Amino acid sequence: MKKIRLMLVDDHDVVRAGLKSYLQTQEDFEVIAEASNGQEALERTRDACPDVILMDITMPGMDGMEATRQMRARNPQCLILALTVHDDKQYFMQMLAAGASGYITKQAAPDELIAAIHTIAAGNVYLQPALARWLLEDYQRLAGQADLVEPASPLAAEQDTMVDLQVLSQRERQVLELVAEGHNNNEIGDRLGLSPKTIARHRERIMNKLNMHSRTELVKFAIRTGLVQLH
């Protein structure tokens, strides 16, 4: 069984040691690198190539938020799980905007952390249920504001959608649709008869064309343009 290669980024030695000790007890995990701040994480990621990075937020020097932005800019397929003491909406939203694939607090149960790592390693998003309500609240607030604005004509809305979609090739639209439905690169490759590396390149081109930096942005775009439907 292929192990999930992990990198721990936290400025507290005791925290990293405790995490490493616990995670190494899981037969499908391997801690291959550690860093005490964002800058160290950037430097060590180049050589270590971890599958999932557990990223603290508040650290001296470069914090986890900036490190996440830079890692995602260099490699859009980089998978980062925010692991923090901050049970705070502002940090939550900013880390997701920076490109984190998940967010969990250090107060979470150990089995929840294990589930979060597995979820993200599979190419999906993990949001601690107690915190995910913030996304729902923001969505409902924005939807309420939209109801107050006179809706555009169906023709205008259709034209806007077409302008957005026209920048993507047919293959890129297929990939985007499957990404938005929650499939990872391996699953998308199997469906389309392409290698995971080819799918990763398609995803990178999609993000560049749309000027987007996270899976969350891609999902919202796919919903807005009608590529996927909310049920």
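The values are calculated or read from the model by the stated rules, or taken from the named source; none is laboratory data. Worth saying up front: this structure is predicted, and the values here are computed from it rather than measured. Note that each Cβ is placed from the backbone with ideal geometry, even for glycine, and that neighbours are counted across all protein chains shown.
A few notes on this one:
- Listed by position, the helices (runs of 4 or more DSSP H) contained in region 184-231 that have at least 3 residues being more than 21 Å from I120 (Cα to Cα) are 196-210.
- Of all the criteria given as (1) at pLDDT 85 or above; (2) over 19 Å from L8 (Cα atoms); (3) surrounded by 15 or more Cβ atoms within 10 Å (Cβ to Cβ), the one not satisfied by I104 is (2).
- Failed item, numbered, when L178 is tested on (1) touching a Lys or Arg at 6+ places or on another chain (Cβ under 7 Å); (2) at pLDDT 85 or above; (3) under 20 Å from N75 (Cβ atoms): (3)
- Residues within region 193-207 that are within 16 Å of the chain's Cα centre (by Cα) and surrounded by fewer than 19 Cβ atoms within 10 Å (Cβ to Cβ), tallied: 2
- Reported count of residues in region 36-56, each being at pLDDT below 95 and β-branched (V, I, T), is 1.
- Boolean, G99 is modelled with pLDDT of 85 or more and under 14 Å from the mean Cα position of the chain (by Cα): yes
- Filter pass, E66 being within 27 Å of R203 (Cβ to Cβ) and surrounded by fewer than 20 Cβ atoms within 10 Å (Cβ to Cβ): yes
- Qualifying residue in region 36-49 (condition: of a type in the set (G, A, S), under 15 Å from the mean Cα position of the chain (by Cα) and under 30 Å from I199 (Cβ atoms)): no
- Every pair of residues 6+ apart whose Cβ atoms lie under 6 Å, when the first sits in region 121-136 and is in a helix (DSSP H, G or I) and modelled with pLDDT under 85 while the second is surrounded by fewer than 18 Cβ atoms within 10 Å (Cβ to Cβ) and not aliphatic (A, V, I, L, M): W134/K89
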